[in-house]
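What follows is a single structure, written as structure tokens, with notes after it.
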Protein chains: 2
Amino acid sequence: MTDTVKYVLDETHIPKHWYNIMADLPAPPPPVLHPGTKQPVGPDDLAPLFPMALIAQEVSTEREIEIPEPVREIYKQWRPSPLFRARRLEKALQTPAKIYYKYEGVSPAGSHKPNTAVAQAFYNKEAGIKKITTETGAGQWGSSLAFAGALFGIEIKVWMVRVSYNQKPYRRALMETYGATCIPSPSSETQSGKAVLAQNKDHPGSLGIAISEAVEVAATHDDTKYALGSVLNHVLTHQTVVGQEALLQLEMAGDYPDVLVGCTGGGSNFAGLAFPFIGAQLRGGKKVRVVAVEPAACPSLTRGKYAYDFGDTGHLTPLVKMHTLGSTFTPPGFHAGGLRYHGMAPLVSHCKELGLLEAVAYHQKECFAAGVQFARTEGILPAPEANHAVKGAIDEALRCKKEGKSQVILFNLCGHGHFDMQAYMDYFAGKLVDQNYDEAELAMALAGLPAAA
Amino acid sequence: MTDTVKYVLDETHIPKHWYNIMADLPAPPPPVLHPGTKQPVGPDDLAPLFPMALIAQEVSTEREIEIPEPVREIYKQWRPSPLFRARRLEKALQTPAKIYYKYEGVSPAGSHKPNTAVAQAFYNKEAGIKKITTETGAGQWGSSLAFAGALFGIEIKVWMVRVSYNQKPYRRALMETYGATCIPSPSSETQSGKAVLAQNKDHPGSLGIAISEAVEVAATHDDTKYALGSVLNHVLTHQTVVGQEALLQLEMAGDYPDVLVGCTGGGSNFAGLAFPFIGAQLRGGKKVRVVAVEPAACPSLTRGKYAYDFGDTGHLTPLVKMHTLGSTFTPPGFHAGGLRYHGMAPLVSHCKELGLLEAVAYHQKECFAAGVQFARTEGILPAPEANHAVKGAIDEALRCKKEGKSQVILFNLCGHGHFDMQAYMDYFAGKLVDQNYDEAELAMALAGLPAAA
């Protein structure tokens, strides 16, 4: 009953480089296009939004990108994060599989998001930027950037999807405690917001709209840049500290994963764990099955189209080729707010096309059931997003049991659920339903995708 | 801006013994008395409530009590907890003092409470106990025992103060997710609860009433024992893993505290940090100033009487000599629910009488201001209880600044505030008031104290 197996690294093992999978891919991903000219964007096109150091990372093909010492200094607060063997869960499942999980809930914001928030705040600070705008759904990203902004003395302004702003005041309170400003989106502070409000003054908002607002403000103010919490190459790259540490920790355990499982919204948490393992495989290392778990109500990888699309609803961003449900698609309001995005990171999408990963979609009730089983055996209460990975790992372990195989499964427990108790209450009260998107709306959103270049 | 200084121990440094300060005290604390006979209680009097192993610890005078291997196994999940130097806070305060803090928010329940919950669940399991009853205020203790119960397969039933049950549903949801049952107190399930409800069917409840209910059920059911989250000797002893680790970590840092600061409700968090240092001093080690910080609205150490009193409102518990505001005293409803107890642990009270510690009381607004400053510099958002220790440490650091002294300050950051965001929202909205207890009520409660033996 009581086995705890934890693999701990000291701070000298915090990675010194982020891993950039671009260096190892057999083919480069399709270029990012300017929405007007349909030509590949250059650094100057992105300069209004990001400091040049991050733009350089966005297009870099170097395998290793040095982590600046001040970023590693802050990482020390919670990194290296622990890797656990889920012995009690294994016993409950009576599986011959070994289940490992990397736990990112130990960060001050309670999730993996500070890994990139700190890096982005650092490069903006270096570039003399005073303010950063961003968007947030459930609030994990917004609170992480607020944390990083507080440490570097940068003003953070967060557009939070209005329905979440009203329903989930506690992540907002966390942002404000860190000193950030949080406003409900759509807002009357931007042209994008006003346009939406003109059509529907009670619009509940969406991540796509909130991105438009944050991007618009950054693009029109010289002292202000924009930060995104997922999707972009440099964000995924920053998260690779997770997978790099896991590689070392599994080496301590004398194991190597047969199966990797991560949940996918925009793709950064998933890529952070998976890319260092996929990269090792691409360089001739052991093959590993990589499983992306997404919500059945927002299934970009399993039901989306691989096409050029906008990252936002207001169509202010460049066009990126990705698995997308269409930028006009509004996912239903299920509880894993961090997974409610119409698209998927271009690099993750590209890996899917290259056959380097597979995807599976689950409904939320089965994910909460998995999360509760995990809490009662392993003792850690996962965030609703992380429950998708827990469910995926449990299903792999049960497959191993059926097949009599003692495989090694590794998943990323990307955050704790202490801010998400309402979702658990709804689950226990039988109020959770497995929402489905509107098939007609999805068909229309997919049909509306811009033609590929 | 970016200095993080963290002292990490590997799991071989999880203490192998709990430290029992009874062995080093110059005089033993006054005995616990039977409320009927006024004679010292024996093990048999306590046997209906606790397994014999815990009763033995309650009266032990051995310096070291071995931590069973299965308990250390579970401790591994989050122990040793990190010790940080608060460099960024020091800079913000421009103090010559060094501020260290031990962070207990890394446990699965987010506070120090699992240190004793796991131990108590273990000994009950060993004794063949199937069910444990307990009470909880804000819910930190209840959720920690629920966590421990899940790991050991023991049924946990928690009486939660009704006003908290209604106002703070999220800690309740955490208990239920771990599989525990949580019912509002006063309840109609007990004689104690019924008696209160008969006088006032809308009674908001109190910790003292909830204790009566939980004790009553344990005392009247053979398969059921009772667990308390603070106050008792064995609970304080279990928490000494905190201070023992801190001693080692400060040795790594090459420092020794001049001043120790902890917040006090029932006293276990405070004692957990302080007793190993006080013990070292009693055995001839360096003298350290020990400061207990309590809420001004429930000031047992600074305004209470050192007298024999009941631990509960229903007067079902034995009589213990402690600093108490009187068992009929109802503290106002401030946000640090974990500090809303009329008494103080007998061992902490005894140390106060021996001159081994001093006490100070703060109002909640100044504590929240300190917590916000801490969050914005150190990045971790403290629980409202922990904000009292933060405020105490900041004031000591400012004193050092005024006096030009470079002293070493150590405090215990006993939990994160992720479940307490409503309190921060109220603080920012200007809704928090510095509540005072009713002077007449306090006078009456103190006058009602039973005569000492």
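Inter-chain neighbour count for B:141-148: the average number of beta-carbon atoms from partner chains within 10 Å of each residue's beta-carbon is 1. Listed values for the stretch B:159-175 are Karplus-derived 3J(HN,Hα) couplings in whole Hz (6.51 cos²θ - 1.76 cosθ + 1.60, θ = phi - 60°), namely 8, 10, 3, 4, 4, 6, 3, 7, 8, 10, x, 7, 5, 4, 4, 5, 4, and x replaces Gly and Pro.
The Cα trace of the stretch B:209-306 gives Rg and Dmax of 16.8, 53 Å, the first to one decimal, the second as a whole number. The alpha-carbon atoms of the stretch A:221-262 define a convex hull whose volume equals 86 cubic angstrom per residue.
In this structure, the amide hydrogen of A:His416, modeled 1.01 Å from its nitrogen in the peptide plane, lies closer than 5 angstrom to those of A:Gly105, A:Ala383, counting only residues at least 5 positions away or on a different chain.
Hey, could you get me the Stokes-Einstein D for chain A, Kirkwood radius over alpha-carbon pairs, 37 °C and 0.692 mPa s, rounded to whole µm² s⁻¹?
Numbers: Rh = 21.7 Å.
This corresponds to a translational diffusion coefficient of 151 µm²/s.
The string of couplings for the stretch B:380-392 from the Karplus curve (6.51, -1.76, 1.60, θ = phi - 60°) is 9, 8, x, 5, x, 4, 5, 4, 5, 5, 4, 4, x Hz, one whole number per residue in order, with x for Gly and Pro. Where chain B is rotated onto chain A, the residue of B whose Cβ comes nearest the axis, and that gap in whole Å, is B:His418, 2.
Using a cut-off of 20 Å between Cα atoms, the listed pairs B:Lys6/B:Lys91; B:Lys91/B:Lys431; B:Lys168/B:Lys431; B:Lys98/B:Lys287; A:Lys16/A:Lys76 include B:Lys91/B:Lys431 as exceeding that distance. Answer rounded, prolate or oblate for the stretch B:329-453, using the Cα gyration tensor with square roots of eigenvalues a ≥ b ≥ c: rounded when a/c is under 1.5, else prolate when a/b is larger than b/c, else oblate. Oblate, since a/c reaches 1.5 and b/c is not below a/b. On full extension, the segment bounded by B:Glu62 and B:Ala47 gains 3.3 nm, given 0.36 nm per residue less the C-alpha separation. Here the convex hull built on the C-alpha positions of the protein assembly as shown has a volume of 154 cubic angstrom per residue. When peptides B:174-186, B:272-284 are sorted by average Cβ neighbour count within 10 Å, with the highest value leading, the order is B:174-186, B:272-284. Residues whose amide H falls under 5 Å from that of A:Val408, counting only those 5 or more places apart or on a different chain, are A:Lys98, A:Asp258, A:Val259, with hydrogens built in the peptide plane. Treating each Cα of the stretch B:140-220 as an identical point scatterer and ignoring solvent, apply the Debye formula and state log10 I(q)/I(0) at q = 0.16, 0.18, 0.27 Å⁻¹. Results for the stretch B:140-220 at q = 0.16, 0.18, 0.27 Å⁻¹ read -0.56, -0.70, -1.25. Rounded to the nearest whole Hz, the Karplus-based 3J(HN,Hα) values (6.51 cos²θ - 1.76 cosθ + 1.60, θ = phi - 60°) of the stretch B:232-241 follow the sequence 6, 4, 5, 5, 4, 4, 4, 6, 5, 4, with x at glycine and proline.
Values in this text are rule-based calculations from the coordinates and carry no lab data. Small disclaimer: the values here were computed from a predicted structure and weren't measured. Backbone-built Cβ (ideal geometry, glycine too); neighbour counts: all protein chains shown.
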